[in-house]
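A.B. asks: Dumping the structure here so I can ask a few things about it.
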Amino acid sequence: MKPVIVTDPPRADLEQVTRLADYGVATVHEALGRSGLLGPGLRPIQDGVRVGGTAVTALCWPGDNLMIHAAVEQCREGDVLVVTTTSPCQDGLFGELFATALRHRGVRGLVTTTGVRDVTDLRALGFPVWSAAISAQGTVKATAGAVNVPVAIGGQLIRPGDAILADDDGVLRVRREDVLTGLDAAKARLEKEAAAREAFATGQLGLDRYGLREKLEALGVRYLTAEEYEKEQA
C-alpha cells in the first residue's frame, strides 16, 4: 500500500444518490441484480435511519486511526466516510469527537469494518454509524495509510465517489456510473412489489403469482397426505 491522500476523486451526483437511498438498501440491491451488498457484518448502532451519500475512503493500519484524521479534511457535504484496515481490526477507531467534526462538514454517516466507541454520544448526536463492532479499545496515530483509494469490503470494491446506501438492512455500494440505472431499476422494482403486495393482501399465494407450482413439480416435489407420507416412511 502506498501512503497517499487523493484530494479530488470524481463523485456520483449527490441529488441522484439521495433519491436512490429513498428506495432502501434491499430494494436497490435486488433491482441491481443482487450486487453491491457489503455483507451482514456491518450493523447500525441506531434504528430507523436511512442515508445515502458519496464515499470518502480511509485505509488504516489496525489499531491506528491516523488516516481517519486525514480523511476528515477530504470530506464534504453529502459524503459518507468508509473506513477499513489492512488486516482485521475491531478496536474503537472512531468516536464522538470524529463524529462532531464530520457532522460540521455535512457528512451523512460512517461505515467501518472496525469498532466504534462513545456509542451513547453518537446516538445523542444523531450521527449514523454502521460498524462491525463496538469497542472501547483505544488506538494510536502512528502509521501512514491512504485516503480516497479503492478499498474492498465484503467482497465489494468501493471507489471514492461511489454511492453508499445504508439503513437497517445493511450497507450497499452502487458504482457511481450505475446510479441513474439504479434509480430506474429501483422504481420498477418498487412498482412490482406494490402489485404483489396488493395481490397478497387479497389472498393470492406466491406459489401461484410466481408460477412456483410448476417449478416444484419440475424439481420432483410431491404433495402427500400424512397417511401417504407415513406409509412411504415405513
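The values are calculated or read from the model by the stated rules, or taken from the named source; none is laboratory data. Because the structure is predicted, anything quoted here is derived from the model rather than measured. Cβ placement follows ideal geometry from the backbone for every residue including glycine, while neighbour counts extend to all protein chains displayed. Accessible surface areas use protein heavy atoms only, side chains included; no ligands, DNA or RNA. Shrake-Rupley method; radii C 1.70, N 1.55, O 1.52, S 1.80 Å.
A.B. asks: Checking ASN148 against (1) within 15 Å of the chain's Cα centre (by Cα); (2) at positive phi, which test does it fail?
C.D. replies: It is condition (1) that ASN148 fails.
A.B. asks: Now for a different question. Are any residues in the stretch 163-181 within 19 Å of VAL107 (Cα to Cα) and either open to solvent by less than 30 Å² (accessible area, probe 1.4 Å) or among the hydrophobic types (A, V, I, L, M, F, W, C) (or both), and if so, which ones?
C.D. replies: ALA163, ILE164, LEU165, ALA166, ASP167, GLY170, VAL171, LEU172, VAL174, listed by residue number.
A.B. asks: Somewhere in the stretch 4-24, is a residue surrounded by 17 or more Cβ atoms within 10 Å (Cβ to Cβ) and either over 20 Å from the mean Cα position of the chain (by Cα) or of a type in the set (Lys, Arg) (or both)?
C.D. replies: So far as the stretch 4-24 goes, yes, one or more of its residues are surrounded by 17 or more Cβ atoms within 10 Å (Cβ to Cβ) and either over 20 Å from the mean Cα position of the chain (by Cα) or of a type in the set (Lys, Arg) (or both).
A.B. asks: Also, quick follow-up: In this structure, does LEU32 turn out to be buried (at least 19 other Cβ atoms within 10 Å of the Cβ), farther than 23 Å from ARG76 by Cβ and either of a type in the set (A, V, I, L, M, F, W, C) or free of Cβ contacts under 8 Å to residues at least 12 places away in the same chain (or both)?
C.D. replies: Yes; evaluated as a whole, the condition is true for this residue.
A.B. asks: Identify, from the list ASP118, ASP162, the residue that is among the acidic types (Asp, Glu) and more than 19 Å from CYS75 (Cα to Cα).
C.D. replies: Result: ASP118 is the single residue among ASP118, ASP162 that is among the acidic types (Asp, Glu) and more than 19 Å from CYS75 (Cα to Cα).
A.B. asks: With the structure loaded, tell me whether LEU59 is assigned to a strand (DSSP E or B) and touching a helix residue (DSSP H, G or I) at 6+ places or on another chain (Cβ under 9 Å) or whether it fails that test.
C.D. replies: Yes; evaluated as a whole, the condition is true for this residue.
A.B. asks: Can you tell me which residue among LEU212, LEU216, LEU207, LEU224 is open to solvent by less than 80 Å² (accessible area, probe 1.4 Å), in contact with a helix residue (DSSP H, G or I) (Cβ under 6 Å, 6 or more places away or on another chain) and of a type outside the set (S, T, N, Q)?
C.D. replies: On inspection, the qualifying residue turns out to be LEU207.
The rows are residues; the columns are (1) part of a helix (DSSP H, G or I); (2) touching a Gly at 6+ places or on another chain (Cβ under 9 Å); (3) over 20 Å from LEU165 (Cα atoms).
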| position | (1), (2), (3) |
| --- | --- |
| ARG19 | yes, yes, no |
| GLU73 | yes, no, yes |
| VAL80 | no, yes, no |
| GLY115 | no, yes, no |
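A.B. asks: OK, next. When you go through THR54, THR85, THR27 one by one, which is the residue that is at pLDDT 95 or above, surrounded by fewer than 23 Cβ atoms within 10 Å (Cβ to Cβ) and among the β-branched types (Val, Ile, Thr)?
C.D. replies: Testing whether each residue is at pLDDT 95 or above, surrounded by fewer than 23 Cβ atoms within 10 Å (Cβ to Cβ) and among the β-branched types (Val, Ile, Thr) leaves just THR27.
A.B. asks: How about the stretch 88-99: which of its residues are in contact with a Lys or Arg (Cβ under 9 Å, 6 or more places away or on another chain) and either assigned to a strand (DSSP E or B) or open to solvent by less than 20 Å² (accessible area, probe 1.4 Å) (or both)?
C.D. replies: GLY92, LEU93, PHE94, GLY95, listed by residue number.
A.B. asks: In the stretch 111-155, how many are surrounded by 15 or more Cβ atoms within 10 Å (Cβ to Cβ), basic (Lys, Arg) and in contact with a helix residue (DSSP H, G or I) (Cβ under 7 Å, 6 or more places away or on another chain)?
C.D. replies: 0
A.B. asks: Also, quick follow-up: Among the residues that make up the stretch 152-165, is at least one of them among the acidic types (Asp, Glu) and within 19 Å of the chain's Cα centre (by Cα)?
C.D. replies: Yes, some residue in the stretch 152-165 is among the acidic types (Asp, Glu) and within 19 Å of the chain's Cα centre (by Cα).
A.B. asks: Right, next: If the requirement is being of a type in the set (Val, Ile, Thr) and under 30 Å from GLY92 (Cα atoms), which of these qualifies: THR225, THR181, THR202, THR139?
C.D. replies: THR139
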